[in-house]
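The values are calculated or read from the model by the stated rules, or taken from the named source; none is laboratory data. All figures in this text were calculated on a predicted structure; none of them were measured in a lab. Every residue, glycine among them, receives a Cβ derived from its backbone with ideal geometry; neighbour counts consider all protein chains shown. In case anyone asks, the SASA skips ligands and DNA or RNA and just uses the protein heavy atoms, side chains included. Shrake-Rupley method; radii C 1.70, N 1.55, O 1.52, S 1.80 Å.
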Amino acid sequence: MKEFKILAVIIALVGITYYGIEPYAHSVMHPAVAPADFTFQDVKNVDTSLVGNEANGKVLVEANCIACHAIEKAGHPAVMPNADSAASYGVVPPDLSHAGRIYDKNYLANFIFDPVTAMHLQSKYNPENGKAFPMPSYNWMSPQDIMDVVAYLQSIAPKVADDKAGHKITFEAACGRCHNMQYAGIEATTPVDNLKTYMGATPPDLSQYIKSRGEHYLHSFINDPQILLKGTSMPRVGLTEKAQEEVIAYMEEVGDSKKAERESLGIWVMLYSAVFALLAYLWKRKIWEEVH
């Protein structure tokens with residue numbers, strides 16, 4: 001009977017630690033933040049209810065965007081090698097082939113109108129420090145023209161499969177300009193020296209971020225980095241909820257590929273422990289019976 005009392009005490013202490021102390025410590029170290037906002041309602045400079053005209057959007061994109069941006073899916077290659085683009089702008093401008101698919105419509109429209117405000121980088125790029133963001137504001141465009149551009153980008157964006165290959169495409173489009181993922185053989189398109197100068201620090205390799213940060217943290221951080229890391233150089237990139245899930249899924253597929261196997265094995269480990277504990281108890285009783 002003594003053994004069961006000891007076991008009960010151990011279970012109680014473990015339960016208090018796991019369900020009481022650990023959550024409290026986590027709440028102190030990681031205070032609760034507002035849920036991720038995938039509607040980006042804080043930026044409202046453009047009326048996104050306007051119906052875009054794809055044909056006019058194509059004309060506007062070709063007149064204003066392809067001097068800096070590649071759009072491979074529309075037959076517009078990059079005008080400069082990555083190294084030259086990074087030297088000119090600080091970071092390689094993104095290929096816009098997938099922009100209409102991975103970015104929220106409201107965010108994308110307001111990003112075109114004013115990139116710095118949409119990305120929450122006012123503290124870094126403002127008139128007081130004399131530092132300008134590489135992409136200019138297109139606030140001289142009418143809301144209708146901006147929505148025409150968005151409609152065109154959405155129309156050319158290719159669909160991708162909901163599998164590891166598709167998730168990789170989304171990851172590269174959303175994160176691949178700045179972040180390496182060595183475990184997947186992905187190297188940032190922007191040279192590291194340019195990145196360090198542009199960002200103020202070298203962006204981390206994301207191979208193991210799913211483990212070091214965790215899925216819950218990443219959902220909030222990717223949606224708006226400034227909420228969790230005030231002053232960080234990483235901008236709010238404006239991904240849709242689906243695109244963000246694909247990015248995190250790919251990080252998990254690369255950095256924690258054994259997760260499903262590990263979780264399915266857990267029940268067998270628990271069963272083994274229970275059987276072993278029972279056998280140990282029976283063995284102990286037998287030994288003590290002989291002693292008495």
Take the conditions in contact (Cβ under 8 Å) with a residue 12 or more places away in the chain and not aromatic (F, W, Y) and apply them to E253. Does it pass? yes
Just one listed residue, out of I146, I169, is among the β-branched types (V, I, T) and either open to solvent by 20 Å² or more (accessible area, probe 1.4 Å) or in contact with a Cys (Cβ under 8 Å, 6 or more places away or on another chain) (or both), and it is I169
Reported set for the stretch 100-128 where residues are in a loop (DSSP other than H, G, I, E, B) and of a type outside the set (S, T, N, Q) is D104, D114, M119, H120, L121, K124, Y125, P127, E128
Restricting the stretch 1-53 to residues that are part of a helix (DSSP H, G or I) and hydroxyl-bearing (S, T, Y), the one farthest from I146 (Cα to Cα) turns out to be T17
Is it fair to say V91 is in a loop (DSSP other than H, G, I, E, B), touching a helix residue (DSSP H, G or I) at 6+ places or on another chain (Cβ under 7 Å) and hydrophobic (A, V, I, L, M, F, W, C)? yes
Of the residues in the stretch 279-290 that are open to solvent by 100 Å² or more (accessible area, probe 1.4 Å) and not basic (K, R), the one that is farthest from E3 (Cα to Cα) is E290
* Asked: Just to be sure, is V51 at pLDDT 95 or above, touching a strand residue (DSSP E or B) at 6+ places or on another chain (Cβ under 8 Å) and either over 26 Å from Y198 (Cβ atoms) or surrounded by 14 or more Cβ atoms within 10 Å (Cβ to Cβ) (or both)?
  -> no
Looking across the stretch 182-205 at residues that are touching a helix residue (DSSP H, G or I) at 6+ places or on another chain (Cβ under 6 Å) and either more than 13 Å from M234 (Cα to Cα) or in contact (Cβ under 8 Å) with a residue 40 or more places away in the chain (or both), the single one that is most open to solvent (accessible area, probe 1.4 Å) is Y183
Selection over the stretch 206-245 where residues are of a type in the set (G, A, S) and either surrounded by 20 or more Cβ atoms within 10 Å (Cβ to Cβ) or touching a Cys at 6+ places or on another chain (Cβ under 9 Å) (or both) yields a count of 2
Selection from the stretch 155-181 of residues in contact (Cβ under 8 Å) with a residue 60 or more places away in the chain and assigned to a helix (DSSP H, G or I) yields S155, I156, K164, G166, H167, K168, I169, T170, F171, A173, A174, C175
Across (1) in contact with a Ser or Thr (Cβ under 8 Å, 6 or more places away or on another chain); (2) over 24 Å from I169 (Cβ atoms); (3) open to solvent by less than 50 Å² (accessible area, probe 1.4 Å), A36 clears everything bar (2)
Expected single match for in the same structural domain as G57 (by TED's automatic domain parsing), in contact with an Asp or Glu (Cβ under 6 Å, 6 or more places away or on another chain), open to solvent by less than 50 Å² (accessible area, probe 1.4 Å) and not in a helix (DSSP H, G or I) among S97, S137 is S137
Selection from the stretch 54-69 of residues part of a loop (DSSP other than H, G, I, E, B) and either in contact with a Leu (Cβ under 7 Å, 6 or more places away or on another chain) or open to solvent by 80 Å² or more (accessible area, probe 1.4 Å) (or both) yields C65, H69
Within the stretch 75-94, the residues that are open to solvent by less than 60 Å² (accessible area, probe 1.4 Å) and among the β-branched types (V, I, T) are V91, V92
